[in-house]
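One structure is given here, and the rest of the page talks about it.
The values are calculated or read from the model by the stated rules, or taken from the named source; none is laboratory data. The structure displayed is predicted, hence computed values, not measured ones. With ideal geometry, Cβ positions are generated from the backbone for all residues, glycine too; neighbour counts draw on all protein chains shown. Heads up: the accessible areas ignore ligands, DNA and RNA and are worked out on the full protein's heavy atoms, side chains in. Shrake-Rupley method; radii C 1.70, N 1.55, O 1.52, S 1.80 Å.
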Amino acid sequence: MDLWRLTLKIIMWVLIVYFSCNFIMQTISYSFYKNAEKLKKVDLDPIKLNFNEQLSGYGCNLDAKSDKLIFYFGGSNEIAYNLIAKYGDNFDCPIVSVDYYGTQNSEGK
């Protein structure tokens, strides 16, 4: 019986630590996105893309002749625009940055 209680206590503490660490990491990660503002001074003007009525994003180098393509799925708030504006000139292949549903101009869940 004591082994059973010890096993349950270990499982309980592992779950408590897991969920606590997960909450902390989500909070830290979200803090980078929620206050993002569109860059004002950019060398490259990102091209606005509308994939369908609910999903939008930005891109650059879309006419480049390349067998590579960079997709960035992490564009909540102004992150999609900023990624293309800041790093688009560093690559010679097409780059597409997609907004999450429910952010910027993208709608839905």
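Worth pointing out:
- Residue match in the range 60-68 (condition: touching a strand residue (DSSP E or B) at 6+ places or on another chain (Cβ under 7 Å), at pLDDT 80 or above, open to solvent by less than 70 Å² (accessible area, probe 1.4 Å) and on the phi > 0 side of the Ramachandran plot): yes
- Subset tally (residues that are under 17 Å from PRO94 (Cβ atoms) and either open to solvent by less than 90 Å² (accessible area, probe 1.4 Å) or of a type in the set (D, E, K, R) (or both)) for the range 37-54: 6
- Test result for TYR81, aromatic (Phe, Trp, Tyr), closer than 13 Å to ALA36 by Cβ and crowded, with 21+ Cβ neighbours inside 10 Å: yes
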